[in-house]
Amino acid sequence: MLKKELSLVLNYALNKGFQIHPSAFEFLENVDVKKLERIIKEIVREKIKQKSFQINQDDLENYFGIKEDKDLLGEYKILFDPSSKITSAEGIIGYNFLFASRFNKLKRIISDRPESKLLKTIASIKSSKSNEDVYVCGLVTARISERNITKLLVEDPSGSLEGIIFDNDLQKTADLLLNDQFVMARIGFGKNSGFIIKDLISPDIPDQSSNRSESETFAVFLSDLHIGSKYFMENEFKEFIFWLSGPDPVARKVRFVLICGDVVDGVGIYPNQDKELVCQTIEEQLKKMEDLLDKIPDHIKIFIMPGNHDPGRRALPQPAIPKKFNPGLWERENVIMLGNPAVISLNGVKVLMFHGQSIDDIVKTTPGLSYDSPTNVMKQLLRTRHLSPIYGSQTPIAPELEDLLVIEEIPDIFHVGHVHRAQLDLYKGILLVNSGSWQNQTPFQASVGMTPNPGIALMVNLKTFQVLHQNYNSNLDNIL
Ligand code: D5M
Ligand code: FE
Ligand code: ZN
């Protein structure tokens, strides 16, 4: 005998002309009726689309996420995680090491370019004037625009050089250079022993073709949930989690969920934050996170990275959210806790994940870049081959012995969050994904005129790189 509630749920399908195969009944005896009610409705909708009117055990097993397509690969590797590499050298010595490491790593990257054969140290060109142009490379320490010239200060381990730019187009290129970024410059010798900068070359990304997954597995890109905040879109997020275990053919192909920081809203992150929190402790916030993620089927791997609101260290690079706040999350087999930044491989597709704190500093100092277009800032990071070039502004950077923020490996997908605006783009074959947020506009954001587009889940087919989205925000007309 079927339970009464179960019969009511099944009547919904039967009334629509569906047959329920006997094999399905046994399965149904043991499921949560509340969950079943929604799933049956979704199965009915899906089957009508497919013009099929029988529900059998296989359907139910698939839709409940119990039986999955075995041909769909779900393999991952962690290629880089700073958590275990963090040493935090102290004070000025640490920063000397950090900048030396930045210089050496980027010089190695730029040495692939033909011009690098003509590279000289700054000290050597200062001591011997030549008729031929030469190249130097170093970190930009200052940029000064005066009337119709631009002066650039570049430093390498041997010394510092002030170069003058007369050319208008080159001045525009110089305007886009970020403080402390690495650059290569062609130098001509002026009549009055000055140095004239004639070309500026960023390390940038060479043309390349991206790695693809063999199977049409989907990865979901999320960030900035801000769980614990009054403005966290809990209902919409739950709807999305529910969709993940539903019968939609795309949902059935999802094997990875990536969460790119600001998972929780945190405690004491900004003044009077407690008034905007529904969960007042980190533990409570992370427990809520665990309860929400619990509804994601086990065959989906969930990658969690910290942002500036999450517990642990504030300065970049950040270690993974410490285990002590929620050992349960760490112990889950399908949850992988990462530091910020991190590089993972999903079925061979390399994904560089970075929360995106440095975007704030870059939009402040770079003409033409703004919060409305985070992917343009992401392109700038790729050109500089560094995730947080500017030192000493709003984004804290720890004095590590090695600069772990240099983009050494070229990713296939670059995933960033932080600015709460979902956006997509392509740069030199790299798919750029800013995954937006799941937090409604906060009073602070309203006061500075930031308009987020929260409640959008972006998902990428790892074989074709086709991007799909699900919009859970009923207030959003202009989706992307
Ligand atoms: O930040 C979401 C976005 O809002 C991010 O671009 C920074 C900006 N933001 C947030 N708080 C501030 C303050 N106090 N000053 C300047 N800009 C801010 P999130 O990391 O989610 O808080
Ligand atoms: Fe955020
Ligand atoms: Zn953030």
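The values are calculated or read from the model by the stated rules, or taken from the named source; none is laboratory data. Remember, predicted model here, so these are calculated numbers, not experimental data. Using ideal geometry, Cβ is built from the backbone for each residue, glycine included, and neighbour counts are taken over all protein chains shown. Side chains included, ligands, DNA and RNA excluded: accessible areas come from the protein's heavy atoms. Shrake-Rupley method; radii C 1.70, N 1.55, O 1.52, S 1.80 Å.
Here's a check for you: in region 141-150, which residue that is outside any loop (DSSP other than H, G, I, E, B) and in contact with a helix residue (DSSP H, G or I) (Cβ under 9 Å, 6 or more places away or on another chain) is modelled with the lowest pLDDT? Checked region 141-150; the qualifying residue modelled with the lowest pLDDT is SER145.
Inspection of region 84-91 finds no residue satisfying the criterion of being outside any loop (DSSP other than H, G, I, E, B), within 24 Å of the chain's Cα centre (by Cα), under 26 Å from VAL140 (Cβ atoms) and at pLDDT 75 or above. Answer yes or no: is there a residue in region 327-350 that is more than 26 Å from ASN461 (Cα to Cα) and open to solvent by less than 40 Å² (accessible area, probe 1.4 Å). Yes; the residues of region 327-350 include at least one that is more than 26 Å from ASN461 (Cα to Cα) and open to solvent by less than 40 Å² (accessible area, probe 1.4 Å). Working only within region 120-136, note down all residues that are open to solvent by 50 Å² or more (accessible area, probe 1.4 Å) and not in a loop (DSSP other than H, G, I, E, B). Once the filter is applied, which keeps residues that are open to solvent by 50 Å² or more (accessible area, probe 1.4 Å) and not in a loop (DSSP other than H, G, I, E, B), region 120-136 yields LYS126, SER127. Residue pairs whose Cβ atoms lie under 6 Å apart, sitting 6 or more positions apart in sequence or on different chains, and linking a residue in region 298-322 that is within 30 Å of GLU68 (Cβ to Cβ) to a partner that is open to solvent by 30 Å² or more (accessible area, probe 1.4 Å) and within 14 Å of ligand 3 (Cβ to nearest atom), are PRO306/GLY312; ILE321/GLY312. Looking only at region 307-323, decide whether some residue is more than 19 Å from the chain's Cα centre (by Cα) and modelled with pLDDT of 95 or more. Yes, region 307-323 has at least one match. Restricting attention to region 313-327, the residues that are closer than 22 Å to TYR76 by Cβ and in a loop (DSSP other than H, G, I, E, B) total 5. For the structure I just gave you, tell me whether PHE53 is surrounded by 14 or more Cβ atoms within 10 Å (Cβ to Cβ) and not charged (D, E, K, R). Answer is no for this residue.
For region 216-244, a residue qualifies if it is under 18 Å from LEU431 (Cβ atoms) and either part of a strand (DSSP E or B) or open to solvent by 10 Å² or more (accessible area, probe 1.4 Å) (or both), and the qualifying residues are GLU216, PHE218, ALA219, VAL220, PHE221, LEU222.
Looking across region 431-457 at every residue that is more than 16 Å from ligand 3 (Cβ to nearest atom) and either outside any loop (DSSP other than H, G, I, E, B) or modelled with pLDDT of 95 or more (or both), the one that is most open to solvent (accessible area, probe 1.4 Å) is identified as SER447. Taking the numbered list (1) modelled with pLDDT of 95 or more; (2) part of a loop (DSSP other than H, G, I, E, B) in turn, PRO297 passes all entries but (1). Looking at this structure, is ILE302 open to solvent by less than 20 Å² (accessible area, probe 1.4 Å) and either within 16 Å of ligand 2 (Cβ to nearest atom) or charged (D, E, K, R) (or both)? So ILE302 fails the test. For region 353-372, the count of residues that are assigned to a loop (DSSP other than H, G, I, E, B), away from ligand 3 (no atom under 14 Å from the Cβ) and open to solvent by less than 10 Å² (accessible area, probe 1.4 Å) is at least one.
Of the residues HIS420, HIS415, the single one that is assigned to a loop (DSSP other than H, G, I, E, B) and either within 16 Å of ligand 3 (Cβ to nearest atom) or surrounded by fewer than 19 Cβ atoms within 10 Å (Cβ to Cβ) (or both) is HIS420. Each residue in region 250-294 was checked for being within 30 Å of GLY348 (Cβ to Cβ), without any contact (Cβ under 8 Å) to a residue 60 or more places away in the chain and assigned to a loop (DSSP other than H, G, I, E, B), and 2 of them qualify. Screening region 381-404 for residues that are within 16 Å of ligand 3 (Cβ to nearest atom) and part of a loop (DSSP other than H, G, I, E, B) and picking the one that is surrounded by the most Cβ atoms within 10 Å (Cβ to Cβ) gives LEU387.
One residue alone among GLY268, GLY261 is more than 30 Å from LEU60 (Cβ to Cβ), among the small types (Gly, Ala, Ser) and open to solvent by 10 Å² or more (accessible area, probe 1.4 Å), and that residue is GLY268.
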